[in-house]
Each structure stands twice: as structure tokens, then as C-alpha cells.
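The structure appears right after this line, and notes come after that.
The values are calculated or read from the model by the stated rules, or taken from the named source; none is laboratory data. Please read all numbers here as calculations on a predicted model, not as lab measurements. Every residue, glycine among them, receives a Cβ derived from its backbone with ideal geometry; neighbour counts consider all protein chains shown. Keep in mind that these areas ignore ligands, DNA and RNA; they rest on the heavy atoms of the full protein, side chains included. Shrake-Rupley method; radii C 1.70, N 1.55, O 1.52, S 1.80 Å.
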Amino acid sequence: MLRRIGVLTGGGDCAGLNSAIKWVVKTATDPQLSAHHGDTWEVVGIREGWRGLIEVDPSDPESVAKWTSNLDELVVRTWDRQGGTVLGSSRTNPFNPKIGKGQQCADNIAGLGLEAVVAIGGEDTLSVAHRLYRDLGQKVVGIPKTIDRDLSGTDYTLGYDTALNVITEEVDRLRTTAGSHNRLFVVEVMGRHAGWLALEGGQAAGAHVILIPECAFEVSRVAELLERRRAAGVRYDIVIVSEGAKIKGRDEVYLSEKVDSFGHKVLGGISETLAKELENQTGFEARHVVLSHIQRGGTPSARDRLMGRHFGIAAVDLILEQDYGRMVAYRDGQITSVSLKRAVERLYTVDVERHYDPTRYNGQRSSLIPRKRQ
Ligand code: F6P
């Protein structure tokens, strides 16, 4: 019997998405596997995430050609080497009351003859997948992706490793100019309300101070830490600040008050405020750099290609097992799966007690000894 799977990518793009799509296609259409399980599968790529499933009119061939494309092994052969998503993405929420297109998505899944849908996304995209499954009985499975690494139930989300590498490389570049001019650089990284990217990017890059959303900070304390370092003979400073970090007693800094379809405002601007205040307090010449979408771009790292492969294969396994409403995951070194409900019910953020030292504004200095006994 010929059966069809739809695959889509939603939310912010990142490295590793194309690898996941490629391995959904290669696994589903593999003749050896088909001979084994007795069915032949086709894979249809849906353009621009949930937007494609809302916009497509299955009865109109032109619309179907615009919003979907048939994917086979030859089409996707080289995709894993490319960043971003060849299918395109959008931040579309069919369940936003202003849009109200959840049922239309379900109808179009049926209209396109899709037996199952693989949704590759973060918290927002996968919360739509969860509602399609829970409320409308759709056969959906998820693949985790986000440079924020803030989904619960998985130790890895696609795009994270490439973003960490970008932060490390960019900070390495800044060091030479910072050193030449005895300057303080405040580098703003993404991550929304989760500090993983700042914490691990900052640690990999060797930043002196790392500021995360999970621990509000005092500018005077940051100034003190930097002054101490200069007094010890260091010529320049690198501070990494997460876009969601807050100065004690103040709100997060937003680029604009506009909200997207999921109700999120775009964070951004804390590095500029902080650089100015630190310059005033320390007298060190300060600059700020916002790494912004550069963190989501570029060639996928080996880890993102590999994890895309493992996640793509596992997503097809879930479909073959008819184990819907689940997200493939990486936990304790193994590929596994968790319910979509669990993945999206709360954000996975930095546990300050375990991973962060609020006195140094940096990572913990003890891995094996519990903090209380130090
Ligand atoms: O969730 C991924 C992310 O890159 C966040 O880190 C960031 O806050 C947001 O997306 C930016 O969104 P946009 O691409 O819509 O500007």
C-alpha cells in the first residue's frame, strides 16, 4: 500500500533542519525498509510550517504545487550540508483565536492524503502539533529544534551546537580588537528566556562574565568583577549577556512591543544598555555587539548533521509503530521519545543552583562536589 507522510519546519530556522528532513525522506522511502515492513511511503514537504497547511487548497493543483513538494532521495541528497530550511518556515499559530484555523489544518492534512505529519520545531511549533494530536486526533510526531535548547524531555535540540560554535568563533574574533584597544565588549546572544546558549556559549568562548535570564544581575557587581580583573593585569573584557537577562529590579529589554502569532515580543537591546552603564561605572571604554541571527545561520556542525539524521530516522520509527503525539528526543546518551505534552508543558531553563554561580556571574566551579559541601 502507498502511504504518505508530510514534513514541515516551523518557528525560527537553525542549522540541522535539512538533515532531519533528509533522513525522514531517506528512511521512509528506503526500499529495503519498505520490503521489511510491507508498505511504500511517499514524503511530501509542506512549505513555511503550519502556514503551508493553512494556505494550501488540496483541490487546486496550483495551490498544491505552491505549498507542497514531493521529496525523494535524490531531491534531498545534498540538503544536510545546508543551513536554514529548504522548506521555509514561519511563526504561524493556527490555534491563535485571531486565525482560528486548527480544524482547517486537520482538513488539509486529510485533503493532501497525509497519513502522518512530522513537525520539526521548538516550543511554539510543537505546541501546535500537540493540540492537533490531542484536540483533533491528528497523527503527528515532533522533532526538537531550537538554538535556545529550552524544550523539556530532551537533552538536545537541533541548531544548538552550531549556534554555540558561532558564538565561540565570533568572540575569538572580538578578542583581538578588544585587546588592541583595551576595551570591554558586551556580546548579546539569543536564547529567549533560557540561558543555555549564553551560559555554554560564554563558557566555550571563555567569557569573564555571563549573564542569564534565570538570575537577575546587578550592574555594580559586574563592574566590580571587571575592575578586579583589570587590576590583576588583564587588558580587556568579554561579557556575554543573554537577550532575556534582566538587571535586578528592571524588566527585560525588547526590540519592539509587537507580538507574534504565539504572543511573544522580540527580545533585544540589553547589551547596549549594559555597555553604557558599565562604561559609566568603570570608566573602561565599552562596545556592544548583538550576534542576533548570525547564531542561526551557517553550515551545520557535525553534531547538528548527525542529530538531524538520528532524529529523522526516529521520527519515521514512531510513525511505523503508530506511536503518535510524541517527540523524538535525546536523553542520557540515547535516542528515545517523549510525549509532545511533556515536551511543551514547561520550558527547560538553567537550574541556577546546579549550573550557575551567582557570585561570579559565571558557570559553576564544581562538578562533582554538591555546592553545600564546598
Ligand atoms: O527561538 C529562537 C530564537 O532565535 C530566539 O533565540 C530569539 O529570541 C527569536 O528566535 C528571534 O525570533 P525572530 O527570528 O522572529 O527574530
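The set of residues from segment 1-47 being open to solvent by less than 10 Å² (accessible area, probe 1.4 Å), of a type in the set (A, V, I, L, M, F, W, C) and not in a strand (DSSP E or B) comprises Cys14, Ala15, Leu17, Ala20, Ile21, Val24, Val25, Ala28.
Going by the structure shown, is Thr299 among the hydroxyl-bearing types (Ser, Thr, Tyr), buried (at least 16 other Cβ atoms within 10 Å of the Cβ), over 13 Å from Met190 (Cβ atoms) and modelled with pLDDT of 95 or more? It is false that Thr299 is among the hydroxyl-bearing types (Ser, Thr, Tyr), buried (at least 16 other Cβ atoms within 10 Å of the Cβ), over 13 Å from Met190 (Cβ atoms) and modelled with pLDDT of 95 or more.
Looking across segment 214-254 at every residue that is among the basic types (Lys, Arg) and closer than 27 Å to Ile147 by Cβ, the one that is farthest from the ligand (Cβ to nearest atom) is identified as Lys248.
Only a single item in (1) within 16 Å of the ligand (Cβ to nearest atom); (2) touching a helix residue (DSSP H, G or I) at 6+ places or on another chain (Cβ under 8 Å); (3) open to solvent by 70 Å² or more (accessible area, probe 1.4 Å) is not met by Glu257, and it is number (2).
For (1) modelled with pLDDT of 95 or more; (2) touching a helix residue (DSSP H, G or I) at 6+ places or on another chain (Cβ under 6 Å); (3) more than 16 Å from the ligand (Cβ to nearest atom); (4) of a type in the set (A, V, I, L, M), each residue gets a yes or a no:
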{"position": "Thr157", "(1), (2), (3), (4)": "yes, no, no, no"}
{"position": "Asp161", "(1), (2), (3), (4)": "yes, yes, no, no"}
{"position": "Leu164", "(1), (2), (3), (4)": "yes, yes, no, yes"}
{"position": "Ile167", "(1), (2), (3), (4)": "yes, yes, no, yes"}
{"position": "Gly179", "(1), (2), (3), (4)": "yes, no, yes, no"}
{"position": "Gly195", "(1), (2), (3), (4)": "yes, no, no, no"}
{"position": "Ala198", "(1), (2), (3), (4)": "yes, no, no, yes"}
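For segment 287-313, taking the residues that are in a helix (DSSP H, G or I) and within 16 Å of the ligand (Cβ to nearest atom), the one that is nearest to Ser19 (Cα to Cα) is identified as Asp304. Looking across segment 100-121, the residues that are open to solvent by 10 Å² or more (accessible area, probe 1.4 Å) and not aliphatic (A, V, I, L, M) come down to Gly100, Lys101, Gln103, Gln104, Asp107, Asn108, Gly111, Gly113, Glu115. Taking segment 241-266 as the range and being touching a residue at least 40 places away in the same chain (Cβ under 8 Å) and closer than 13 Å to Ile212 by Cβ as the test, the residues that pass are Val241, Ser242, Glu243, Gly244, Ala245.
Looking at Glu218, is it in contact with a helix residue (DSSP H, G or I) (Cβ under 8 Å, 6 or more places away or on another chain), touching a residue at least 24 places away in the same chain (Cβ under 8 Å) and surrounded by fewer than 22 Cβ atoms within 10 Å (Cβ to Cβ)? Spelling it out, it is not the case that Glu218 is in contact with a helix residue (DSSP H, G or I) (Cβ under 8 Å, 6 or more places away or on another chain), touching a residue at least 24 places away in the same chain (Cβ under 8 Å) and surrounded by fewer than 22 Cβ atoms within 10 Å (Cβ to Cβ).
With outside the structural domain of Leu126 (by TED's automatic domain parsing), open to solvent by less than 50 Å² (accessible area, probe 1.4 Å) and among the acidic types (Asp, Glu) as the only criterion, which of Asp304, Asp357 stands out?
Details: Asp304 fails: outside the structural domain of Leu126 (by TED's automatic domain parsing).
After applying the criteria, what remains is Asp357.
Checking each residue of segment 277-284 against the condition of being open to solvent by less than 10 Å² (accessible area, probe 1.4 Å) and either touching a residue at least 60 places away in the same chain (Cβ under 8 Å) or part of a strand (DSSP E or B) (or both) gives at least one match.
Report whether or not Ser271 is of a type in the set (S, T, N, Q), closer than 22 Å to Gln203 by Cβ and either in a strand (DSSP E or B) or outside the structural domain of Glu115 (by TED's automatic domain parsing) (or both). Write out each step before concluding.
Details: of a type in the set (S, T, N, Q): yes; closer than 22 Å to Gln203 by Cβ: yes; either in a strand (DSSP E or B) or outside the structural domain of Glu115 (by TED's automatic domain parsing) (or both): yes.
The answer is yes for Ser271.
Restricting attention to segment 207-237, the residues that are under 14 Å from Thr282 (Cα atoms) and not in a loop (DSSP other than H, G, I, E, B) add up to 14. Going by the structure shown, is Val187 at pLDDT 95 or above, within 26 Å of Gln104 (Cβ to Cβ) and not charged (D, E, K, R)? When the stated conditions are applied, Val187 does not pass them.
Residues in segment 246-286 that are over 27 Å from the mean Cα position of the chain (by Cα) and under 29 Å from Thr162 (Cα atoms): Ala286 only.
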